[in-house]
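The next block holds one structure in the form of structure tokens; read it before the comments.
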Amino acid sequence: MIHLLMEAKKGRLRHEDEKTSENDTGFATVEESALGKSIGKMELTHDLITAQALVFFLAGFDTASTLLSFLTYELALNPDIQTKLQAEVDEAAKAGVSYEEILKMKYLDQVVSEALRKYPGGFILVRQCVKDYKIEAERDNEKDIIVEKDCLVTIPVSGIHRDPNYFPDPERFDPDRFSDENKEKIVSGSYMPFGSGPRNCIGSRFALLEAKVLIVSLMSRFDIVPVKRTTVPITLAKSVNLTVKDGFWLGFKNRNR
């Protein structure tokens, strides 16, 4: 990342016109906004580069650990899903697990996408309105609403992700929501674990790859199981980030293969 920032400082960085569809990084990955490609040249100082690298590291660590904590918890409570995921991991291992092989693992991507639906790291987003916007009334007893310029708008991502109108039986952990035949049915704007638009998460590809690599490593060696201290169901804690009371307690059992 520092190399890319230094190249940008020197004016050598260029946007790629096209993204290859083969070996996509995952369903939850956000696409770069076209606005980011049209902004004029900005001065990148060493202080700005240092600050961006630090934020990238800190934000990437906390959100990735949160995702993996909830994901392993759900795998422990859903052994059928875990077994199916292990079968895919074992099949991929025959060819030698590589970057390309991990990106081809469809069920792994479904499991990670479902974990991000149920437990999005950015569970609340705040955006600033850039111009007056009218929300027209839909019923006779309602009035139009004007969202004024510079007004801060809070987007309850976690609430939208658990809305049964968009995701039936939302409390159930179901990776099949993101299968090839079902993910096309997901309503645009109802799934945004990394935000959307020009202010989306810059590290979505990195976060997804990091999570997938670790899950593949764990699934190839262990069964993740509940232990005596595992809390079912979990209770979310009051915090600035998404976490649970009393922490996560899980067991790792060597696989018999």
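The values are calculated or read from the model by the stated rules, or taken from the named source; none is laboratory data. The structure displayed is predicted, hence computed values, not measured ones. Heads up, the Cβs are rebuilt from the backbone with ideal geometry, glycines too, and the neighbour counts pull from every protein chain shown.
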How many residues of the range 167-210 are at pLDDT below 95, over 12 Å from ALA28 (Cα atoms) and touching a Leu at 6+ places or on another chain (Cβ under 9 Å)? The answer is 4
Identify, from the list GLY96, GLY60, the residue that is touching a residue at least 40 places away in the same chain (Cβ under 8 Å) and surrounded by fewer than 19 Cβ atoms within 10 Å (Cβ to Cβ). GLY60
Checked VAL213, VAL232 against criteria (surrounded by fewer than 16 Cβ atoms within 10 Å (Cβ to Cβ), assigned to a loop (DSSP other than H, G, I, E, B) and of a type in the set (A, V, I, L, M)); the one match is VAL232
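Working only within the range 1-56, note down all residues that are of a type in the set (Gly, Ala, Ser) and modelled with pLDDT of 70 or more. Reasoning before the result, please.
To start, the set of residues in the range 1-56 that are of a type in the set (Gly, Ala, Ser) comprises 8, 11, 21, 26, 28, 33-34, 36, 38, 40, 51, 53.
Across the range 1-56, the qualifying residues are ALA8, GLY11, GLY26, ALA28, ALA51, ALA53.
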Looking at (1) out of contact with any Asp or Glu (no Cβ under 9 Å at 6 or more places or on another chain); (2) touching a residue at least 12 places away in the same chain (Cβ under 8 Å); (3) not aromatic (Phe, Trp, Tyr), which is the one condition that is false for ASP109? (1)
Of all residues making up the range 182-201, the number that are free of Cβ contacts under 8 Å to residues at least 24 places away in the same chain and either in a helix (DSSP H, G or I) or touching a Lys or Arg at 6+ places or on another chain (Cβ under 9 Å) (or both): 3
Pairs returned, first residue in the range 144-167 that is within 20 Å of SER196 (Cα to Cα), second residue that is surrounded by 11 or more Cβ atoms within 10 Å (Cβ to Cβ) and β-branched (Val, Ile, Thr), beta-carbon separation under 6 angstrom, 6 or more apart or interchain, are TYR166/VAL187
In the range 129-178, which residues are touching a strand residue (DSSP E or B) at 6+ places or on another chain (Cβ under 9 Å), surrounded by 11 or more Cβ atoms within 10 Å (Cβ to Cβ) and closer than 21 Å to LEU242 by Cα? VAL153, ILE155, PRO156, VAL157
